[in-house]
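The values are calculated or read from the model by the stated rules, or taken from the named source; none is laboratory data. Just so it is clear, the model here is predicted, and its values are computed rather than measured. No Cβ is skipped: glycine too gets one built from the backbone with ideal geometry, and neighbour counts run over all protein chains shown.
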Amino acid sequence: MPHPKEHEITPKSIYSRRHFLMGAGATAAATMLPTAEAESVPIEYPGPDWLRGPLSARSLDSSGLESTPYKVATQYNNFYEFGTDKTDPANNAQDFVTDPWKIEVEGLAAKTGEFDLEAIISRLTLQERITRFRCVEAWSMVLPFIGVPLREVLNAFEPTPSAKYVAFETLVDPEQMPGQRSRFASIDWPYREGLRMDEAMHDLAFLAVGMYGQALPPQNGAPVRLVVPWKYGFKSIKSIVKIRFQEEQPQTSWNMLQPQEYGFYSNVNPKVSHPRWSQASERVVDGGLFPSRQPTLMFNGYDEVASLYNGMDLKKFF
Ligand SMILES: Nc1nc2c(c(=O)[nH]1)N[C@H]1C(S)=C(S)[C@@H](COP(=O)(O)O)O[C@H]1N2
Ligand SMILES: [Mo]
């Protein structure tokens, strides 16, 4: 089953036009503290014990971007392990157990083995990143993540110079994940993703444990997910349980399924169409009844990654 063609699903539950007072116009402190308006939207998922309560990030985002309303970002999701409809993850992931959570580290690194997520994250300083997020289906949001640069986590495992790529895998647990029980599922679980090592080490590559000042909700990839804001959303793998350093380019789920449609790199690129639709513009998913469109930007607007691809034909390596 390929990514569904872009369609205008507006779940009934997404009628609130209330916007969080985050980003533009808000002071740095206000972006982290739930405002009176924010408090009127319940944040139901408490998160793992060690992340419980409001997350405070030492470095606050200064992009000035206005975040997508919380209700929209948590009720319009892609997380096929919990179903393929946009509302399935919110409906099916609420009891997902994310604490304790272990990550298996394998391959070309000095420190491999099984590590507690808490041990990996809690020695690092959380940052806030309000990021443009562009799905390959040609819709976009702005998501205020909290987490750490991926590089800080990867460096702790001391990858060897022969590690040219890093691969990630999502949990496999059909009992908790109804999408993995479906006879119609075509993803060969686990969901797999990967980055070239220099991409993974770029400051913009991020490992999120929170969103909107709280722990990540399960439908958004609790307890830990990748956020690669210059690439299509499917690169931002959720609920990671495995990290592997390797010499060869990793197999990635959407590429395995439809190699002509989804490349390994999948950098946001308005000039490279998906075989079945244009990527020149995107629908802004904000919960409004009349979604607007905006032009899609090269690298989703994150030009600072361009030098990673010097000399590469990005039409060929799409
Ligand atoms: N494990 C896993 N990770 C995943 C997906 C998935 O189905 N399974 N979907 C991807 C896609 S296509 C997108 S657009 C984003 C959606 O993230 P969001 O629901 O937090 O907006 O998650 C990505 N990560
Ligand atoms: Mo996506």
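Search the stretch 40-68 for residues that are β-branched (Val, Ile, Thr) and pair each with any residue that is modelled with pLDDT under 90 and surrounded by 11 or more Cβ atoms within 10 Å (Cβ to Cβ) when their beta-carbon atoms are under 7 Å apart and the residues are at least 6 apart or on different chains.
Between residues of the stretch 40-68 that are β-branched (Val, Ile, Thr) and residues that are modelled with pLDDT under 90 and surrounded by 11 or more Cβ atoms within 10 Å (Cβ to Cβ), the close pairs are Val41/Arg18.
Looking at the stretch 145-161, is at least one residue of a type in the set (D, E, K, R) and within 16 Å of ligand 1 (Cβ to nearest atom)?
Checked the stretch 145-161: no residue is of a type in the set (D, E, K, R) and within 16 Å of ligand 1 (Cβ to nearest atom).
When residues of the stretch 150-170 are filtered for being surrounded by fewer than 20 Cβ atoms within 10 Å (Cβ to Cβ) and of a type outside the set (Gly, Ala, Ser), how many remain?
Total meeting the criteria: 7.
Quickly run through the stretch 227-256 and pick out the residues that are within 13 Å of ligand 2 (Cβ to nearest atom) and of a type in the set (A, V, I, L, M, F, W, C).
The answer is Val227, Val228, Phe234, Ile237, Trp254.
How do the pairs read when you match residues in the stretch 129-142 that are free of Cβ contacts under 8 Å to residues at least 40 places away in the same chain with residues anywhere that are more than 7 Å from ligand 1 (Cβ to nearest atom), using Cβ under 9 Å and keeping only pairs 6 or more apart or on different chains?
Matching pairs, first to second residue: none at all.
With the requirement that a residue be part of a loop (DSSP other than H, G, I, E, B) and free of Cβ contacts under 8 Å to residues at least 60 places away in the same chain, what does the stretch 221-250 give you?
Across the stretch 221-250, the qualifying residue is only Val228.
Suppose we filter the stretch 187-200 for residues that are within 12 Å of ligand 1 (Cβ to nearest atom), part of a strand (DSSP E or B) and closer than 22 Å to Met141 by Cβ; how many remain?
Going through the stretch 187-200 one residue at a time, the tally reaches 1.
For the stretch 253-298, give me each residue that is in contact with a strand residue (DSSP E or B) (Cβ under 6 Å, 6 or more places away or on another chain), outside any loop (DSSP other than H, G, I, E, B) and closer than 25 Å to Asp198 by Cα.
Ser253, Asn267
Within the bounds of the stretch 71-89, is there any residue that is in contact (Cβ under 8 Å) with a residue 12 or more places away in the chain, farther than 26 Å from Ser253 by Cα and either in contact with a helix residue (DSSP H, G or I) (Cβ under 9 Å, 6 or more places away or on another chain) or of a type outside the set (Ser, Thr, Tyr) (or both)?
yes
Does at least one position in the stretch 297-307 carry a residue that is free of Cβ contacts under 8 Å to residues at least 24 places away in the same chain, closer than 30 Å to Phe157 by Cα and surrounded by 22 or more Cβ atoms within 10 Å (Cβ to Cβ)?
no
For the stretch 212-227, name all the residues that are in contact with a Leu (Cβ under 7 Å, 6 or more places away or on another chain), of a type outside the set (Gly, Ala, Ser) and at pLDDT 95 or above.
Residues satisfying the conditions are Pro223, Val224, Arg225, Leu226.
Restricting the search to the stretch 239-257, which residues are surrounded by fewer than 17 Cβ atoms within 10 Å (Cβ to Cβ) and over 21 Å from Gly107 (Cα atoms)?
Once the filter is applied, which keeps residues that are surrounded by fewer than 17 Cβ atoms within 10 Å (Cβ to Cβ) and over 21 Å from Gly107 (Cα atoms), the stretch 239-257 yields Met256, Leu257.
Among the residues of the stretch 156-173, count how many are in a loop (DSSP other than H, G, I, E, B), of a type outside the set (Lys, Arg) and at negative phi.
8
Mind listing whichever residues of the stretch 201-220 are in a strand (DSSP E or B) and polar (S, T, N, Q)?
Correct list: Gln214 only.
Please determine whether any residue of the stretch 62-83 is surrounded by 15 or more Cβ atoms within 10 Å (Cβ to Cβ), of a type in the set (D, E, K, R) and either modelled with pLDDT under 50 or closer than 28 Å to Gln180 by Cα (or both).
yes
Given the condition of a type outside the set (Phe, Trp, Tyr), within 16 Å of ligand 2 (Cβ to nearest atom) and modelled with pLDDT of 95 or more, answer yes or no: does some residue in the stretch 301-312 qualify?
no
Within the bounds of the stretch 109-120, is there any residue that is more than 15 Å from ligand 2 (Cβ to nearest atom), small (Gly, Ala, Ser) and either assigned to a strand (DSSP E or B) or within 17 Å of the chain's Cα centre (by Cα) (or both)?
yes
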